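The values are calculated or read from the model by the stated rules, or taken from the named source; none is laboratory data. No experiment lies behind these values; they were computed from the predicted model shown. All Cβ positions, even for glycine, are placed from backbone atoms using ideal geometry, and neighbour counts span all protein chains on display.
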Amino acid sequence: MDLQEVKKEIIKIVKKAGKNRLLPGTSGNLSVRYNDTYIILTASGSSSAFITYDDLILTDLEGNICEKSNKMPTSEIGIHTSIYKKRPDINAILHSHSSALSAFAVINRPLSPILAESIYYFKNIPFVPFGKPGSKELAYETALCFENKSVNACFLSNHGFVLGAKNLKEAYNLTLMAENIAQIEINASILGEFKTLSE
C-alpha cells in the first residue's frame, strides 16, 4: 500500500479504537511500520474521535520527522522506535489507556488465566516500572520487555498498556480482546470468587 492508503487504514482503526474506549479523549497512541525504514505515528494531542491525515506523522526509526508537518509525533515516540528496533516481527503498536487494562496497571496485578484466550494470547505480560511519560527511561524499560520474543504486550505501571503485533488490525483486535478479558475479570471479582484455568 502507498502512504495515503496506509494513513487511511490508520485513521479507520484509530476511530474504532476510540469508539471502543481504547484511546479515550487525546490519550494513548498508535504507530505502524512503513516500508521497513519509516514509521507512521499519531500526533501529540491527537483525538481518536477527530483524527485526520494531519494527525499522522511520518518519521524514521530514530524519530526524525520525514514529512512536512505542523504537528509533532506522540511524546511516547521512544517506546515505538525502541520496540521496532528490537522486534522486526512487530509492525504495529497500540498504546492504550483503556479503563480496565489501566486498572490492572495501576494495582500492578497481572491478568488471571480465566479464559482460554487469556492463556493463548496473554500468558506473559510483564510490568514496566513507572516512568515519566515520554521519557527515555520509560522507552528503554518498555523495549526491554519486548526483547523476550514471547512477549507481545506489557503493562506500564500507573499508566496504561502497550501491545505490538504483526499488523494494525491484529494490534487493534488483540488490545480489544485484552481489555475485554480485563473487564470480565473485574466483573467476576465483584460477583464472587472466580475459577482460573490451568495451561
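Against the conditions (1) over 19 Å from residue 154 (Cα atoms); (2) under 13 Å from the mean Cα position of the chain (by Cα); (3) part of a loop (DSSP other than H, G, I, E, B), where does residue 23 fall short? Just the number, please.
(1)
Restrict the check to the stretch 72-79 and report whether at least one residue is over 20 Å from residue 42 (Cα atoms) and surrounded by fewer than 20 Cβ atoms within 10 Å (Cβ to Cβ).
Among the residues of the stretch 72-79, not one is over 20 Å from residue 42 (Cα atoms) and surrounded by fewer than 20 Cβ atoms within 10 Å (Cβ to Cβ), which makes the answer no.
So which residues in the stretch 168-199 are of a type in the set (Val, Ile, Thr), under 13 Å from residue 112 (Cα atoms) and modelled with pLDDT of 95 or more?
181, 184, 186 - these are the residues of the stretch 168-199 that are of a type in the set (Val, Ile, Thr), under 13 Å from residue 112 (Cα atoms) and modelled with pLDDT of 95 or more.
Looking only at the stretch 97-112, decide whether some residue is among the hydrophobic types (A, V, I, L, M, F, W, C), touching a residue at least 12 places away in the same chain (Cβ under 8 Å) and under 30 Å from residue 62 (Cβ atoms).
yes
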